[in-house]
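Please treat every number below as a calculation from the coordinates, not as lab data. All figures in this text were calculated on a predicted structure; none of them were measured in a lab. In this analysis, Cβ positions are derived from the backbone assuming ideal geometry, glycine residues included, and neighbour counts consider all displayed protein chains.
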Protein chains: 2
Amino acid sequence: MAKVVVDVMLKPEILDPQGQAIHRALPSLGFDGVKDVRQGKHFELDIDAVDAGSVAERVAATLLANPVIENFTIRVAD
Amino acid sequence: MAKVVVDVMLKPEILDPQGQAIHRALPSLGFDGVKDVRQGKHFELDIDAVDAGSVAERVAATLLANPVIENFTIRVAD
């Protein structure tokens, strides 16, 4: 059994209003020095297959990410 | 400038309906072998501070995660 982590982020050229809202809230909470915030999605999949990474890649491309506006990264954790 | 990644996940004992919905959709899309899916949030912060990790930790605890139902992990990427 492998744990595979899939992170899905909006492409850099796509506006990220959630990240912007967090970024703008930080100074009033006393946090300086944060220059940018981008928010995405994080998935943890438990996969029972010899090629867990390639299964996760197909799952991500099919179901977890919208390839028009999002990029994803795959990491096999153990 | 450091890029810090914050991943926020529901605590294991908290029901994750988004992850369950994905998990249940997979067999009908032809994916077998995925035993569990949990969904969380992924943040990428650009921080200009000597102690970027500790700034990110305080931002996460204050604004990004709800400590009652969520755990978070911090990773300084570069």
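For this structure, a couple of remarks:
- Region B:2-76: relative contact order in percent, alpha carbon pairs under 8 Å with at least 6 residues between: 53
- Centroid-to-centroid separation of region A:45-75 and region B:25-56 [C-alpha atoms, Å]: 12
- Stretched out straight at 0.36 nm per residue, the stretch from residue B:69 to residue B:36 would grow longer than its current Cα-Cα span by 10.0 nm.
- In this structure the amide hydrogen of residue A:26, modeled in the peptide plane, comes within under 5 Å of no amide hydrogen from residues 5 or more places off or on another chain.
- Links that overshoot a 22 Å alpha carbon limit, given the list B:3/B:35; A:41/B:3; B:11/B:41; A:11/B:35: B:3/B:35; A:11/B:35
- Helical runs assigned H by DSSP (4 residues or longer) give chain A a calculated mean residue ellipticity at 222 nm of -6000 deg cm²/dmol, each run adding -39500 (n - 2.57) before division by the residue total.
- Counting Cβ atoms of other protein chains within 10 Å of each Cβ in B:27-36 and taking the mean gives 5.
- Cα lying deepest toward the dipole's positive end in chain B, options B:9, B:37, B:65, charges on Cβ: B:37
- For residue A:50, label point 7 Å along C-beta direction: distances to other copies, nm: 5.4
- Cα pair count fraction exceeding 18 Å, expressed as % - chain A: 50
- Amide N proximity, region B:40-56 versus residue A:15 label position 7 Å along Cα-to-Cβ, cut-off under 15 Å: none
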